[in-house]
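Q: There's a structure below that I have some questions on.
The values are calculated or read from the model by the stated rules, or taken from the named source; none is laboratory data. Keep in mind it's a predicted model, so treat the numbers as computed, not measured. Neighbour counts run over all protein chains shown; Cβ positions are idealised from the backbone, glycine included. The accessibility values were calculated without ligands, DNA or RNA, using every heavy atom of the protein model including side chains. Shrake-Rupley method; radii C 1.70, N 1.55, O 1.52, S 1.80 Å.
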Amino acid sequence: MTNKRIVLSSDHAAIELRQKIADHIKTKGWEPVDIGPKTPESTHYPAHGEAAARRVADGDCALGIILCGTGQGIMMAANKVKGIRCGVCSDVFSAQMIREHNDANMLSMGARVIDDAAALQIVDAFVDATFEGGRHGTRVDMIKAIEA
Ligand code: RB5
């Protein structure tokens, strides 16, 4: 992948974890594009999910990692943006599979669901995996067809 930019966003529930992920992906040779929010006041996850998703959909960033309390609400918002395939993961296997089988371009996690160490392992699995294509490509094309 020539574009090494990963957009990061969250709501108030995951400000600290987002910073840890930004530091971590830098050590892996990726450029974190952290679009906030910076301060811990209560905010609205749909806006942050959409903003991150647009960075991926328009090609500015190759991948996105988004966070909220459960990872669920922000994932739902991101998936409303055309071209986005975002899964919520709480385990390493799922994170690998959403790249290899579903060609996910965004990962969502819940800062109130998993601990920081698990989140970083999930990030590694997601970022290091590659889409397998083949029969999985047929199925991803079917997802794209629904969107069209
Ligand atoms: C915020 O309290 C919480 O609802 C949000 O972080 C998230 O879990 C929503 O899905």
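Q: Pull up region 9-24, narrow it to residues that are within 14 Å of the chain's Cα centre (by Cα) and either in contact (Cβ under 8 Å) with a residue 24 or more places away in the chain or part of a loop (DSSP other than H, G, I, E, B) (or both), then point me to the one that is surrounded by the fewest Cβ atoms within 10 Å (Cβ to Cβ).
A: It comes out as LEU17.
Q: Tally up the residues in region 126-148 that are open to solvent by 80 Å² or more (accessible area, probe 1.4 Å), touching a helix residue (DSSP H, G or I) at 6+ places or on another chain (Cβ under 9 Å) and either among the hydrophobic types (A, V, I, L, M, F, W, C) or outside any helix (DSSP H, G or I) (or both), please.
A: 2
Q: Something else now. Let me confirm something: among ILE6, ILE65, ILE74, which residue is of a type in the set (A, V, I, L, M), within 12 Å of the chain's Cα centre (by Cα), within 16 Å of the ligand (Cβ to nearest atom) and assigned to a strand (DSSP E or B)?
A: Every option except ILE65 fails the conditions.
Q: Looking at region 104-125 only, could you name the residues that are touching a residue at least 24 places away in the same chain (Cβ under 8 Å) and part of a helix (DSSP H, G or I)? Give the derivation first.
A: Going residue by residue through region 104-125, those that are touching a residue at least 24 places away in the same chain (Cβ under 8 Å) are 105-114, 116, 118-125.
Within region 104-125, ASP116, ALA118, ALA119, LEU120, GLN121, ILE122, VAL123, ASP124, ALA125 qualify.
Q: Let me ask another. Against the definition (β-branched (Val, Ile, Thr), more than 20 Å from LYS20 (Cβ to Cβ) and in a helix (DSSP H, G or I)), how does VAL81 come out, yes or no?
A: Details: β-branched (Val, Ile, Thr): yes; more than 20 Å from LYS20 (Cβ to Cβ): yes; in a helix (DSSP H, G or I): no.
No: the conditions fail for VAL81.
Q: Residues to consider are ASN79, ASN102, ASN3; find the one that is within 28 Å of ARG135 (Cα to Cα) and open to solvent by 60 Å² or more (accessible area, probe 1.4 Å). Even if it seems obvious, please write down each step before you answer.
A: Numbers: ASN79 fails: open to solvent by 60 Å² or more (accessible area, probe 1.4 Å); ASN3 fails: open to solvent by 60 Å² or more (accessible area, probe 1.4 Å).
None of the others qualify; the one that does is ASN102.
Q: Now for a separate question. Quick one: SER90 ticks every box in (1) surrounded by fewer than 19 Cβ atoms within 10 Å (Cβ to Cβ); (2) more than 16 Å from the ligand (Cβ to nearest atom) except a single one, so which number is it?
A: The number of the failed condition is (2).
Q: Go over the candidates THR27, THR70 one by one and state the one that is touching a Lys or Arg at 6+ places or on another chain (Cβ under 8 Å), modelled with pLDDT of 95 or more, β-branched (Val, Ile, Thr) and open to solvent by 60 Å² or more (accessible area, probe 1.4 Å). Give the steps one after another, and end with the answer.
A: Working: THR27 fails: touching a Lys or Arg at 6+ places or on another chain (Cβ under 8 Å).
Unique residue meeting the criteria: THR70.
Q: What do you reckon, is THR39 over 28 Å from MET142 (Cβ atoms), over 14 Å from the mean Cα position of the chain (by Cα) and at pLDDT below 95? Give the derivation first.
A: Values: over 28 Å from MET142 (Cβ atoms): yes; over 14 Å from the mean Cα position of the chain (by Cα): yes; at pLDDT below 95: yes.
Criteria met by THR39.
Q: Only one of these is more than 17 Å from ALA119 (Cα to Cα), within 14 Å of the ligand (Cβ to nearest atom), not in a loop (DSSP other than H, G, I, E, B) and not β-branched (Val, Ile, Thr): PRO40, PRO46. Name it.
A: Working: PRO40 fails: not in a loop (DSSP other than H, G, I, E, B).
Checking each option against the conditions leaves just PRO46.
Q: I would also like to ask the following. Among residues belonging to region 49-62 that are closer than 21 Å to ALA119 by Cβ and without any contact (Cβ under 8 Å) to a residue 60 or more places away in the chain, point out the one that is nearest to the ligand (Cβ to nearest atom). Explain how you work it out, then say what you get.
A: Going through region 49-62, the residues closer than 21 Å to ALA119 by Cβ turn out to be 49, 51-53, 55-56, 61-62.
So of that shortlist, the ones also without any contact (Cβ under 8 Å) to a residue 60 or more places away in the chain come out as 49, 51-53, 55-56, 61.
Values: GLY49: 9, ALA51: 15, ALA52: 14, ALA53: 15, ARG55: 20, VAL56: 19, CYS61: 22 Å.
Among those that are closer than 21 Å to ALA119 by Cβ and without any contact (Cβ under 8 Å) to a residue 60 or more places away in the chain, it is GLY49.
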